[in-house]
Amino acid sequence: MLATLRLLLVLAVLLGVSMPLRAAAQEATPGAETAWRLLDYIAVDYSGAVSGGRVISEAEYAEMREFSTSVHTRIAALPAHEAQPRLVAASSALISAVEARAAPETVARQARSLADDLLAAYPTPLAPRAIPDLPRGAALYAEQCAVCHGATGRGDGPGAAGLEPPAIAFTDRDRARERSLFGLYQVIGQGLDGTAMASFAHLSIQDRWALAFYVGGFAFPEETGGAGERAWRDDPELRAAVPDLEALTRVTPATLAAGLGEPRANEAVAYLRSHPEVLATQGTDGLDLARRRLVESLAAYRAGDARKAEELALSAYLDGFEPVEPLLRARDGKLMARIEASMGELRASVNRRAPAEEVAGQITALSGLFDEAGRALAPSQASALSIFLGAFTILLREGLEALLIVIAMIAFLRKAERQDVLPYVHGGWVAALVAGGATWAAATWLIAISGASRELTEGIGSLVSAVVLLSVGVWMHGKAQAGVWQAYIRDKLSAALSKRSAWFLFLLAFIVVYREVFETILFYAALWSQGAQGALLGGAALAVACLVLIAWGLLFFSKRLPISQFFAYSALLIAALAVVLAGKGVAGLQEAGVMDVHPLTALPRVEILGLFPTWEGLTAQLLALSVVIVGFWWADRKGRVQARA
């Protein structure tokens, strides 16, 4: 038994961690930004210079030749990079295409491809740090831009007369379809050589982004009767295409239309550019990833690849939602439970090959729940009070379960007058706390704990604890009769509590406490990242004080209980905890994808009782309860026989 426990313990700890990928931040390169801006301009405006192999505007064509040559020169002057020779060659090919008066779509494709490769080799920030302030953008436009571009963005301002090339008409949808918000931001910040467009680098970064978003909305006025808002709310494919602010700023309307269709893309662009605040609910990377995985899962399911759909649905939970679950549990535990249950039901539907429309409906419902989660996880919700309450309730809930088991062990040894074995129990829970601290430090600075590893660790730890507690509970119930206990003391106690058994108690204390510590540190790591660390420490301190008072009260009460009542109550408590842990263990394995999920929608979800409404979890708990009933009956029968003897 001890060897098995050691093996399972080592397995759980090893499964709890995986190596992370940590990318070093790179600074933006000014020369690369300028080259990218010129490439964007070429991709958008070349069609106004050449058509059908003929020059239709000498001024525009001269500008395209100048810009393509400038791109080549700037890329060649960039800091050395393994991709630089390839970029230089691509820029030479672009010059050749412009000189040969190639088709506009060919030049645009080459310019876009080179721009993407340039950003990959020389990264630059692609999105604002905060949601752009559109009223601020409108005020800036009126002050700085309307004189040339006109009050409504038609390029007909009083200062536009005689400009060559003419001021851009932002209302020109054909041109705007090829221009990203990032491209507008770049031009605002750096100006455009050879034109009257000056640099507005004196504006702050956020002001430039606000101006870019405002200007980018002229060609896509929100006149769709709420169609864009409805599409955003109900269409998982659209959410996956524009998961965050970076995607919105980088994608061009034409690119979006290629994937979603023209009307839907235009409605989405109009809504998102005028309401970028809705992307605040997308701020958590995990939810973004979960959305994408669910869309991919639905696509695979509709294509007939149910196995891949299952894997992607599981990835949506483990790689997407599970990392944000600790923080969401602290903010809104009921919402977390609804999402967790809905994702389990989705995997069950895919597993039983439900109709595709049923699966699509479940994914749409999950998308709405993710919206609620995004709002709950928004930085504005991270008040000091919410962090204090989250830290308090999490530690109190997780700590109480382990405390009850450890106190029962300590009280038992005191009743048996075996204080010499107490150091093993204390050593077990202290070692678990130390291991938990090491896990927190490692998870913070060295490693990343994957969702699957976390669920496996919790599931295995819960099931191991449940099996051990079942045997201990039945054993203690059998000693509830005073005569039986006295005989046990006289004949067996000294042998039973040998060094081997003492180390068993050490391992039991370690497993039950480390399981709760492991869960708690994940919650605390999520809360710590939200700031207000003082509130977190205050909540933790209050929870510790409450746990200390509860421990003192239980030990004080146990001293005054007659030996038979102590064993009877302790046996019931430990047996109940075993049933609870059986349910939690199965739920952990289901969430890790090790066990199938067959929901029982008629039953409620009651986590404190370990009741997760699935056939597998309920079966495990009924089995554990059956073991308790049969074990208690057998122990009673054996105890009566021993008492008569």
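For the peptides 297-307, 327-337, the ranking by mean Cβ contacts within 10 Å, running from highest to lowest, is 327-337, 297-307.
Note on Asp305 and Glu417: with the Förster distance fixed at 51 Å, the Cβ-Cβ geometry gives a FRET efficiency of about 0.20. Using the average count of surrounding beta-carbon atoms within 10 Å as a protection proxy, the listed peptides 62-68, 312-318 rank, highest first, as 312-318, 62-68.
Subtracting the Cα-Cα distance of Gln206 and Ala438 from their residue separation scaled by 0.36 nm leaves 79.5 nm.
Each label point was placed 7 Å from the Cα along the Cα-to-Cβ direction; for Thr195 and Leu400 their separation is 6.5 nm.
Between the amide H of Leu611 and those of Val606, distances stay under 5 Å, these residues lying 5 or more places away or on another chain, with hydrogens modeled in the peptide plane.
Per atom type, region 109-163 shows carbon and sulfur on 55% of its accessible surface, probed at 1.4 Å. Computed from the C-beta positions of Asp244 and Leu555 and an R0 of 60 Å, the FRET efficiency is 0.70 to the nearest 0.05. Residues with beta-carbon under 11 Å from that of Gly399, excluding Gly399: net charge, scoring Lys, Arg +1 and Asp, Glu -1? My count for the surroundings of Gly399 gives -3. Applying 0.36 nm per residue to the separation of Asp636 and Ala146 and subtracting their alpha-carbon distance, the gain on full extension is 167.3 nm. Oblate is the label for region 288-422, because a/c, from the alpha-carbon gyration tensor with a ≥ b ≥ c as root eigenvalues, is 1.5 or above and a/b does not exceed b/c.
Label-to-label distance for Ala103 and Ile56 is 1.5 nm, based on points extended 7 Å past Cα in the beta-carbon direction. A straight Cα-to-Cα reach below 20 Å connects Lys559 with the aspartates and glutamates Glu417, Asp420, residues fewer than 8 places away in its own chain not being considered.
Put a dot 7 Å past the Cα of Ala545, heading toward its Cβ, do the same for Glu358, and the two dots end up 5.3 nm apart.
The values are calculated or read from the model by the stated rules, or taken from the named source; none is laboratory data. Remember, predicted model here, so these are calculated numbers, not experimental data. FYI the Cβ positions are ideal-geometry reconstructions off the backbone, even for glycines, and counts take in every protein chain you see. Side chains are part of the model used for accessible areas, which takes the heavy atoms of the whole protein and leaves out ligands, DNA and RNA. Shrake-Rupley method; radii C 1.70, N 1.55, O 1.52, S 1.80 Å.
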